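To start, the structure under review is shown below, and the notes come after it.
Quick note: the coordinates plus some simple rules give every number you see, no bench work behind them. Quick caveat: nothing in here was measured; it's all calculated off a predicted structure. Neighbour counts run over all protein chains shown; Cβ positions are idealised from the backbone, glycine included.
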Amino acid sequence: MHVSTIAMLTANQPGVLARVSHLFCRRSFNLLSVCAEKARVFDQYCITVAVQCDDRTLEQIRKQLVKLIDVEEVTIVSQRPFIERQVALVKVRVPAGQRSAITSEAQLFGAQVADMGPSIVTFEITSDETRIDAFLKAMEPFGVLEVVRSGKVALYKGDSLCFKREQSNGADLAENGES
């Protein structure tokens, strides 16, 4: 079993995310990550999920997702070289005299100060899951107070597009001189 990342291009309609999550629930699959946001055009949504399963089960999931109302395309992003990111907001206790040490340590991971109070610093870090986990471990000695993470988003690396619909839209834009 391995973690797979699946991206779906769907209609931007009420209930689409509920139907997708219900499909996973009915089959007792645990969603490790879910992220849904409008795509390049307003009438479409991109839903990205991560699930742990074997290849046979992954193909069954793909086939079931394609059958759902309002799901236009399904791509198993993790089957090719891809890039994925998630955002984490992390509140860290700031012991007296340690503010610069904490911010210096955070900058090594690419984290930025999002908010600063008298005794707490909130960092924002955008990276892959492994780097965010390493950042959290590095912040533990200072005192991690709260963590919230977005779901994963993913795209193929290089020139490949995840969705055929996006490929045709991109060609249409190029023909019209837009980008």
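Worth pointing out:
- Charges were assigned to the Cβ only: +1 to each Lys and Arg, -1 to each Asp and Glu. The resulting dipole of the range 85-152 about its Cα centre is roughly 20 debye.
- Evaluated with a Cβ-only charge set (Lys, Arg +1; Asp, Glu -1), the range 38-105 carries a dipole of roughly 320 debye about its Cα centre, given to the nearest 20.
- Whole-Hz couplings from phi, Karplus 6.51/-1.76/1.60, listed for the range 92-106; x for Gly and Pro: 10, 5, 10, x, 3, x, 10, 4, 5, 5, 5, 5, 5, 4, 5
- Nonlocal amide H pairs with Leu145, under 5 Å, H built at 1.01 Å: Lys91, Val92, Arg93
- Cβ-derived FRET efficiency at R0 41 Å, Arg19 paired with Thr122, nearest 0.05: 0.70
- Charge sum, other residues only, whose C-beta stays under 12 Å from Ser150's C-beta, Lys/Arg counted +1 and Asp/Glu -1: -1
- Long-range amide H partners of Ile120 with built H, under 5 Å: Val94
- Sequentially through the range 121-134, phi angles give Karplus couplings (6.51, -1.76, 1.60; θ = phi - 60°) of 10, 9, 9, 10, 10, 10, 6, 7, 4, 5, 5, 5, 4, 5 Hz, Gly and Pro residues having no value and appearing as x.
- Long-range tail of P(r) for the range 57-129 (Cα pairs > 14 Å, %): 69 percent
- For the pair Val87 and Glu37, label points projected 7 Å from Cα toward Cβ lie 0.6 nm apart.
- Across the range 85-152, C-alpha contacts under 8 Å between residues 6 or more apart give a mean separation that, scaled by the residue count, equals a relative contact order of 52 percent.
- Across all directions, the shadow cast by the convex hull of the chain built on its C-alpha atoms averages 12.9 square nanometres.
- Violating pairs (Cα-Cα greater than 30 angstrom) within the set Lys63/Lys137; Lys63/Lys157; Lys38/Lys157; Lys91/Lys164: Lys63/Lys137; Lys91/Lys164
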